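Quick notes on the structure that follows.
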Amino acid sequence: MALLPYIKLSAGKLSNDKVEGGMIVTYGTELGGFGVGVQAQLDSVYNKTKDEMDFSGSYTAVLGYDLAEKVGGYMEYVGEFDFEGDYFPYASFGATYQMNANQQWDIGSKVALSDEGQDFEVFFGLTQRY
């Protein structure tokens, strides 16, 4: 289990010029050769429509499997919500590459499971443990 506070600083033209942040609570374990994880997140984000800071959140449940020594795959259910009653369910699929004990690359996609969500998204990232 881990508590992960985070902050996004203003990056000028590369961002919305606002400071945002939140808290993530995550838990993972092994079950029958699969990695199983859950996560809950609460965010303070800028709402462009209302021109003010607002709260939103998400939760996930993920099932992962090692395909090779350094390569893994996963599928995930993602629920995103705000405090005005909007809810956006997604399915997410992706792959990971473990460079070493402290670095992991990931690439994935997220597909909306309802008409209200963003139809399709592709993402990639690097996780660095210190």
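The values are calculated or read from the model by the stated rules, or taken from the named source; none is laboratory data. What you are looking at is a predicted structure, and each value in this text was computed from that prediction instead of being measured. Backbone-built Cβ (ideal geometry, glycine too); neighbour counts: all protein chains shown. These accessible areas exclude ligands, DNA and RNA; they are computed on the full protein's heavy atoms, side chains included. Shrake-Rupley method; radii C 1.70, N 1.55, O 1.52, S 1.80 Å.
Summary of computed values
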read-out	value
Surface share of carbon and sulfur [accessible, 1.4 angstrom probe, percent] for the chain	61 percent
Separation in nanometres of the label points that stand 7 Å from Cα toward Cβ, at LYS50 and TYR27	3.1 nm
For region 36-130, projected area of the alpha-carbon convex hull averaged over all directions, nm²	7.2 nm²
Amide H partners (placed H, <5 Å) of LYS18, local residues excluded	ALA11
Assigned charges on the beta-carbon of Lys, Arg, Asp, Glu; the chain dipole about Cα centre (debye)	560 debye
GNM top mover of LYS110, LYS50, LYS70 - the chain, alpha-carbon springs below 10 Å	LYS50
Pairwise label distance in nanometres, ALA101 with ALA40, each label 7 Å out on the Cα-Cβ vector	3.3 nm
In region 1-73, the GluC sites (Glu not before Pro) that fall in loop regions by DSSP, at most 16 other Cβ within 10 Å	GLU69
Positive-end residue of PHE34, ASN47, TYR90, charge dipole of the chain with Cβ unit charges	PHE34
